[in-house]
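Asks: Pasting a structure below so you can have a look.
Every number in this text was worked out from the coordinates using simple rules, so none of it is lab data. These numbers come from a predicted model, not from an experiment. Virtual Cβ from ideal backbone geometry, glycine too; neighbours counted across all protein chains shown.
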Amino acid sequence: MGSTPSLPSPQSLPHGDAPHVAAAYTMAAAAFVAAFVFVLGVSALAVFESVQAASQPWGSSFFLLFPLLGLVATVIVTPVAFAIGIFVWRWVVPTGASARRGGLGGVVTVLGTYLGAALVVSVLGALAVFAENVQSAMFFDQWTLARLIGGLEAGAIAGPVALVYGLILTWWITLPVGFVAGWRHQRRS
């Protein structure tokens, strides 16, 4: 019988020997796990809702939005959690800190990830509106500055909206997972 393979530790990943980078890998993995659990949970709710509302198919289509938003959020929050994790573990959580301080660092990383992801969504929203304005200007051949930047604030508002709804919908999984991941990482190191 062979031995059971173990998962790689953050220290075995590139630049993982630096304590703040190893913690950032842990926080990125925690963000991915929390988003994955959210997607699984809302997918199960969507399936149950669609079975329950089989006579009204339009009633369950709204529930399919949440798993898709969770998948898109996973692509954004994982790298943002990595970047915020580097910042938090470099300047907030000292190298020899206690496991409790690591848990606090995990919660701070989660809250910073919400803010960082909102910033990324705002920038992406503004870029999407700008790209649409450029396409419209090309089609109508009206290249004015007002036409190009018109509506950028509507695209940028997507970030605060994502922050509020993301926090309301996911705090129950992200905060405990962030705490446990930070506590466990600091306990291990």
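Asks: In the range 78-184, what chymotrypsin sites (Phe, Trp or Tyr not before Pro) fall in a loop by DSSP, with at most 10 other Cβ atoms inside 10 Å?
Replies: W143
Asks: Label points 7 Å out from Cα along the Cβ direction at I157 and L45: separation in nm?
Replies: The two pseudo-label positions are separated by 2.5 nm.
Asks: Hey, rough spin-label estimate for V37 and V164, points 7 angstrom out along Cα→Cβ, what's it come to in nanometres?
Replies: 2.7 nm
Asks: Full extension from L175 to V72: what is 0.36 nm times the residue separation minus their Cα-Cα distance, to one decimal in nm? Let's see the in-between values first.
Replies: Details: separation 103, 0.36 × 103 = 37.08 nm, distance 1.96 nm.
This chain segment gains 35.1 nm when fully extended.
Asks: Let me ask you something else. Grab the beta carbon distance between R184 and A137, set R0 = 45 Å, and tell me the FRET efficiency rounded to 0.05. Intermediate results must be reported in sequence, preceding the final value.
Replies: Values: r = 52 Å, r/R0 = 1.16.
Given R0 = 45 Å and the Cβ-Cβ separation, E is 0.30.
Asks: Can you give me the orientation-averaged projected area of the convex hull built on the Cα atoms of the range 82-189, in nm²?
Replies: Dividing the Cα hull surface by four gives the mean projection, 8.2 nm².
Asks: Let me ask something else about it. Find the percent of Cα-Cα distances in the range 105-162 that exceed 13 Å, and round it to a whole number.
Replies: 62 percent
Asks: In whole percent, what relative contact order does the range 16-188 give with Cα contacts below 8 Å and a gap of six or more residues?
Replies: 32 percent
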